[in-house]
Amino acid sequence: MKKLLLLFLLLIPWKIKAISASSYIVMDMDSGRVLEGSNINKESLIASTTKILTAITAIEYGKLDSTVRINQDIMSAYGSGIYVQIGEELKLDDLLYGLMLRSGNDAALAIASAVGGSKDNFVYLMNEKAKSIGMNDSNFVNPSGLEENDGKANMSTVYDMAKLTRYAMQNEDYRRITGTKEITIKSSMKTYKWINKNKLLRIYSYCTGGKTGFTKKARRTLVTTASKNGMNLIVVTFNDGNDFNDHKNLYEKYFNNYKKVKVIDKNSDYGENIKIKNDFYLVVREGEKYETNVVKDNVKDAENGSIVGKVEVILNGEIIGYRNLYYEKKSVTENKSFISKLLDFIDIW
């Protein structure tokens, strides 16, 4: 009987879609919860997905409407490019489109020179930004993602790259650029028409952005984002020959089987003069148990605007996030009735 049952199970056409990547991750963009993954902390070459950090660093440190004059620095670029010329002038914003849509290595060097003053200075800013985000297993040696002649290269993990993407997607300018399917740009010398290399933007209607990458050593790397029914997800894959399909299948898996719930409401009552600045949303599947735990400090001597505790989000017995509690004492004027305020106004006159 057991042999017959085993034979029956082997003959069932199971629809299991294996992930081709050597490492991958699916992250809930809103909460930072890791929904699924493999080798998420394994350090690997990341190729041109590097340019996510290049872009957000340039956006935060540079002026998007400033004019960039292309200099000799681009002469060391090879591989994919937008093929700008020395002396050509473009807006920094336009160069960022060339960086993210066409993965221009020449654009990366031009941006580094314009924003950081030099490639080395800009790479320093990149690594400082990475540290501030909490990318603890990452190191960057250039703004493009190419391997250097001395063998050094940008290294990261799928977990760190998901963290980076979660951070970058909070920026309106980054979202605008990474989510653009195609664009026409005019420089001082010519007109460019660029189509985004991120094919998922065209084949999957819920995709909102991302960045492709490839070198012979890193193989195919891909970071994408997608949104559906209020859920915002991030998928990162390294060394994945079937990356676009893998990303699409992973998104469908979670969009079809999970839902987004508000776990912490900023308008809830946490005590007199105690506030939370932002709601907390979580992506969960049916039957998953979550709860909140309020931890308060002594608010007796608290200063206005200070943190006096937090509300923890606990999922399956583990703390996966929180929101700070702030002490915000209302002013005397705010507590007065309308009549009192009116009398005060009349008294002034």
If we scan the range 238-256, do we find a residue that is modelled with pLDDT of 90 or more and of a type in the set (A, V, I, L, M)?
yes
Scan of the range 191-221 for residues that are farther than 20 Å from residue 177 by Cβ, touching a residue at least 12 places away in the same chain (Cβ under 8 Å), assigned to a loop (DSSP other than H, G, I, E, B) and not hydrophobic (A, V, I, L, M, F, W, C), ordered by number
217
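Any residue that is of a type in the set (Phe, Trp, Tyr) and over 25 Å from residue 228 (Cα atoms) - is there at least one of those in the range 71-81? Reasoning before the result, please.
Going through the range 71-81, the residues of a type in the set (Phe, Trp, Tyr) turn out to be 78.
Keeping just the survivors that are over 25 Å from residue 228 (Cα atoms) gives 78.
Within the range 71-81, one or more residues are of a type in the set (Phe, Trp, Tyr) and over 25 Å from residue 228 (Cα atoms).
Please tell me if residue 64 is within 18 Å of residue 180 (Cβ to Cβ) and surrounded by fewer than 18 Cβ atoms within 10 Å (Cβ to Cβ).
Against the criterion (within 18 Å of residue 180 (Cβ to Cβ) and surrounded by fewer than 18 Cβ atoms within 10 Å (Cβ to Cβ)), residue 64 qualifies.
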Out of (1) at negative phi; (2) in contact (Cβ under 8 Å) with a residue 40 or more places away in the chain, what's the single condition that is false for residue 239?
(1)
Determine whether residue 79 is part of a loop (DSSP other than H, G, I, E, B) and small (Gly, Ala, Ser).
yes
Could you list all residues from the range 139-153 that are among the polar types (S, T, N, Q) and free of Cβ contacts under 8 Å to residues at least 24 places away in the same chain?
139, 149
Being closer than 27 Å to residue 96 by Cβ, out of contact with any Ser or Thr (no Cβ under 6 Å at 6 or more places or on another chain) and not in a strand (DSSP E or B): is that true of residue 224 here?
no
Among 62, 32, which is free of Cβ contacts under 8 Å to residues at least 60 places away in the same chain and under 25 Å from the mean Cα position of the chain (by Cα)?
62
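Tell me which residues, restricted to the range 7-31, are surrounded by fewer than 16 Cβ atoms within 10 Å (Cβ to Cβ) and either modelled with pLDDT of 75 or more or not basic (Lys, Arg) (or both). Even if it seems obvious, please write down each step before you answer.
Residues of the range 7-31 surrounded by fewer than 16 Cβ atoms within 10 Å (Cβ to Cβ): 7-18, 20, 22.
Within the range 7-31, 7, 8, 9, 10, 11, 12, 13, 14, 16, 18, 20, 22 meet the criteria.
A quick yes/no check of all residues on (1) surrounded by 20 or more Cβ atoms within 10 Å (Cβ to Cβ); (2) in contact with a Lys or Arg (Cβ under 7 Å, 6 or more places away or on another chain):
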residue	(1), (2)
194	no, yes
202	no, yes
217	no, no
220	no, no
240	yes, yes
257	no, yes
Going through 160, 137, 173, 150 one at a time, which residue ends up being over 20 Å from residue 63 (Cβ atoms), under 21 Å from the mean Cα position of the chain (by Cα) and surrounded by fewer than 19 Cβ atoms within 10 Å (Cβ to Cβ)?
137
Quickly run through the range 66-83 and pick out the residues that are among the β-branched types (Val, Ile, Thr) and closer than 16 Å to residue 119 by Cβ.
68, 70, 74
Test set (1) surrounded by fewer than 22 Cβ atoms within 10 Å (Cβ to Cβ); (2) at pLDDT below 95 - residue 89 fails condition number
(2)
Consider residue 126 carefully, then state whether it is part of a loop (DSSP other than H, G, I, E, B) and in the same structural domain as residue 44 (by TED's automatic domain parsing).
no
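Any chance the range 322-329 includes a residue that's modelled with pLDDT under 85 and either surrounded by 15 or more Cβ atoms within 10 Å (Cβ to Cβ) or within 30 Å of residue 221 (Cα to Cα) (or both)? Break it down into steps so the answer makes sense when it comes.
Restricting attention to the range 322-329, the residues satisfying the condition of being modelled with pLDDT under 85 are 329.
Now drop any that are not either surrounded by 15 or more Cβ atoms within 10 Å (Cβ to Cβ) or within 30 Å of residue 221 (Cα to Cα) (or both), which leaves 329.
Scanning the range 322-329 turns up at least one residue that is modelled with pLDDT under 85 and either surrounded by 15 or more Cβ atoms within 10 Å (Cβ to Cβ) or within 30 Å of residue 221 (Cα to Cα) (or both).
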Got at least one residue in the range 148-170 being in contact with a Lys or Arg (Cβ under 9 Å, 6 or more places away or on another chain), in a loop (DSSP other than H, G, I, E, B) and small (Gly, Ala, Ser)?
yes
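The values are calculated or read from the model by the stated rules, or taken from the named source; none is laboratory data. Because the structure is a prediction, the values reported are computed rather than measured. Please note: Cβ atoms are built from the backbone with ideal geometry, for glycine as well, and neighbour counts cover all protein chains shown.
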